[in-house]
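For reference, the structure discussed in these notes is given below.
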Amino acid sequence: MKLTRAATIAGLFAMFAEPAAAQMMGRGEGQVRIQSSINFFLPGPTGDGEEAQKLRDQARRTVYEMAARECELLRETLAKDCRLEAVNANINTNRGDYGRQQQEGYSVNGSVNLQITVK
(Lines give C-alpha, C1' and ligand atoms only; values in the text may rest on other atoms or scores of the structure.)
Protein backbone atom coordinates (compact mmCIF):
# COMPACT_ATOMS: atom_id res chain seq x y z
CA MET A 1 0.00 0.00 0.00
CA LYS A 2 2.82 2.40 0.89
CA LEU A 3 4.61 1.61 -2.38
CA THR A 4 1.48 2.41 -4.41
CA ARG A 5 1.04 5.73 -2.61
CA ALA A 6 4.71 6.62 -3.17
CA ALA A 7 4.46 5.73 -6.87
CA THR A 8 1.30 7.83 -7.22
CA ILE A 9 2.93 10.81 -5.53
CA ALA A 10 6.04 10.45 -7.69
CA GLY A 11 3.89 10.26 -10.82
CA LEU A 12 1.93 13.37 -9.85
CA PHE A 13 5.14 15.20 -9.07
CA ALA A 14 6.61 14.30 -12.46
CA MET A 15 3.40 15.34 -14.20
CA PHE A 16 3.39 18.80 -12.61
CA ALA A 17 7.15 19.32 -12.51
CA GLU A 18 7.54 19.27 -16.28
CA PRO A 19 5.17 22.22 -16.99
CA ALA A 20 6.77 24.14 -14.12
CA ALA A 21 10.21 23.53 -15.58
CA ALA A 22 9.00 24.78 -18.95
CA GLN A 23 7.75 27.97 -17.32
CA MET A 24 11.05 28.44 -15.52
CA MET A 25 12.95 28.19 -18.80
CA GLY A 26 11.01 31.17 -20.15
CA ARG A 27 12.26 33.42 -17.35
CA GLY A 28 15.76 34.72 -16.90
CA GLU A 29 18.12 33.42 -14.28
CA GLY A 30 17.31 34.71 -10.82
CA GLN A 31 13.74 35.66 -11.73
CA VAL A 32 10.98 34.61 -9.37
CA ARG A 33 7.22 35.12 -9.40
CA ILE A 34 5.70 36.45 -6.20
CA GLN A 35 2.05 36.45 -5.17
CA SER A 36 0.80 38.44 -2.22
CA SER A 37 -2.75 38.40 -0.86
CA ILE A 38 -4.78 40.54 1.50
CA ASN A 39 -8.15 39.85 3.14
CA PHE A 40 -10.06 42.30 5.32
CA PHE A 41 -13.54 43.46 6.32
CA LEU A 42 -14.88 47.00 5.92
CA PRO A 43 -17.99 47.64 8.03
CA GLY A 44 -20.60 50.03 6.65
CA PRO A 45 -23.56 50.41 4.33
CA THR A 46 -23.89 47.98 1.42
CA GLY A 47 -26.78 49.41 -0.56
CA ASP A 48 -26.83 51.49 -3.73
CA GLY A 49 -26.25 54.83 -2.00
CA GLU A 50 -23.29 57.19 -2.17
CA GLU A 51 -21.82 56.04 1.16
CA ALA A 52 -21.83 52.41 0.02
CA GLN A 53 -20.11 53.42 -3.24
CA LYS A 54 -17.44 55.33 -1.28
CA LEU A 55 -16.86 52.24 0.86
CA ARG A 56 -16.45 50.01 -2.22
CA ASP A 57 -14.01 52.55 -3.70
CA GLN A 58 -12.06 52.55 -0.42
CA ALA A 59 -11.89 48.74 -0.53
CA ARG A 60 -10.44 48.70 -4.06
CA ARG A 61 -8.13 51.62 -3.28
CA THR A 62 -6.68 49.68 -0.33
CA VAL A 63 -5.87 46.71 -2.58
CA TYR A 64 -4.35 48.98 -5.26
CA GLU A 65 -2.25 50.83 -2.68
CA MET A 66 -0.96 47.49 -1.41
CA ALA A 67 -0.06 46.56 -4.98
CA ALA A 68 1.75 49.86 -5.53
CA ARG A 69 3.79 49.43 -2.36
CA GLU A 70 4.62 45.75 -2.86
CA CYS A 71 7.49 46.33 -5.35
CA GLU A 72 8.98 48.93 -3.00
CA LEU A 73 8.92 46.43 -0.13
CA LEU A 74 10.44 43.69 -2.29
CA ARG A 75 13.24 46.01 -3.46
CA GLU A 76 14.01 46.82 0.20
CA THR A 77 14.30 43.12 1.05
CA LEU A 78 15.14 40.69 -1.75
CA ALA A 79 14.54 42.12 -5.21
CA LYS A 80 16.97 43.85 -7.53
CA ASP A 81 14.10 44.58 -9.93
CA CYS A 82 10.34 44.19 -9.68
CA ARG A 83 7.52 44.18 -12.21
CA LEU A 84 3.81 44.19 -11.41
CA GLU A 85 2.01 41.58 -13.54
CA ALA A 86 -1.57 41.50 -12.22
CA VAL A 87 -3.85 42.87 -9.50
CA ASN A 88 -7.15 41.30 -8.46
CA ALA A 89 -9.70 42.91 -6.11
CA ASN A 90 -12.89 41.08 -5.08
CA ILE A 91 -15.55 42.70 -2.93
CA ASN A 92 -18.31 40.57 -1.39
CA THR A 93 -21.32 42.05 0.33
CA ASN A 94 -22.20 41.04 3.87
CA ARG A 95 -25.71 42.46 4.28
CA GLY A 96 -25.80 41.66 7.96
CA ASP A 97 -27.86 39.06 9.69
CA TYR A 98 -28.74 40.82 12.88
CA GLY A 99 -30.23 37.67 14.37
CA ARG A 100 -26.74 36.13 14.30
CA GLN A 101 -24.85 39.39 14.97
CA GLN A 102 -23.17 39.61 11.54
CA GLN A 103 -22.13 43.15 10.75
CA GLU A 104 -23.10 44.84 7.49
CA GLY A 105 -20.16 45.66 5.26
CA TYR A 106 -17.80 44.21 2.67
CA SER A 107 -15.40 41.29 2.75
CA VAL A 108 -12.47 42.27 0.55
CA ASN A 109 -9.97 39.88 -1.01
CA GLY A 110 -7.09 41.10 -3.11
CA SER A 111 -4.06 39.57 -4.73
CA VAL A 112 -1.00 40.89 -6.50
CA ASN A 113 1.23 38.96 -8.91
CA LEU A 114 4.76 40.25 -9.42
CA GLN A 115 7.94 39.11 -11.07
CA ILE A 116 11.25 39.96 -9.46
CA THR A 117 14.93 39.51 -10.12
CA VAL A 118 16.59 38.33 -6.94
CA LYS A 119 19.47 40.42 -5.55
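The values are calculated or read from the model by the stated rules, or taken from the named source; none is laboratory data. Values in this document were obtained by computation on a predicted structure and should not be read as measured data. When we count neighbours, we look across all protein chains shown, and the Cβ atoms used for this are built from the backbone with ideal geometry, even at glycine.
Checking each residue of the stretch 12-28 against the condition of being in a helix (DSSP H, G or I), modelled with pLDDT of 95 or more and not β-branched (Val, Ile, Thr) gives no match. Taking every residue in the stretch 33-56 that is of a type outside the set (D, E, K, R) and pairing it with any residue that is assigned to a helix (DSSP H, G or I) and surrounded by 12 or more Cβ atoms within 10 Å (Cβ to Cβ), at least 6 positions away or on another chain, the pairs with Cβ-Cβ distances below 6 Å are Ser36/Glu70; Ile38/Met66; Leu42/Leu55; Leu42/Ala59; Gly44/Leu55; Pro45/Ala52; Thr46/Ala52. Close Cβ contacts (under 8 Å, 6 or more residues apart or on different chains) running from residues in the stretch 78-98 that are within 24 Å of Arg60 (Cα to Cα) to residues that are modelled with pLDDT of 90 or more and part of a loop (DSSP other than H, G, I, E, B) comprise Thr93/Thr46; Asn94/Thr46; Asn94/Glu104; Arg95/Thr46; Arg95/Glu104; Gly96/Thr46; Gly96/Glu104. Picking from residues in the stretch 101-119 that are part of a strand (DSSP E or B) and within 16 Å of Gln58 (Cβ to Cβ), the one that is farthest from the chain's Cα centre (by Cα) is Gly105.
For the stretch 62-83, does any single residue satisfy the condition of being over 30 Å from Gln31 (Cα atoms), assigned to a strand (DSSP E or B) and not small (Gly, Ala, Ser)? So far as the stretch 62-83 goes, no, none of its residues is over 30 Å from Gln31 (Cα atoms), assigned to a strand (DSSP E or B) and not small (Gly, Ala, Ser). Every condition in (1) in contact with a Lys or Arg (Cβ under 6 Å, 6 or more places away or on another chain); (2) surrounded by 15 or more Cβ atoms within 10 Å (Cβ to Cβ) is met by Ala67 except one, and the failing one is (1).
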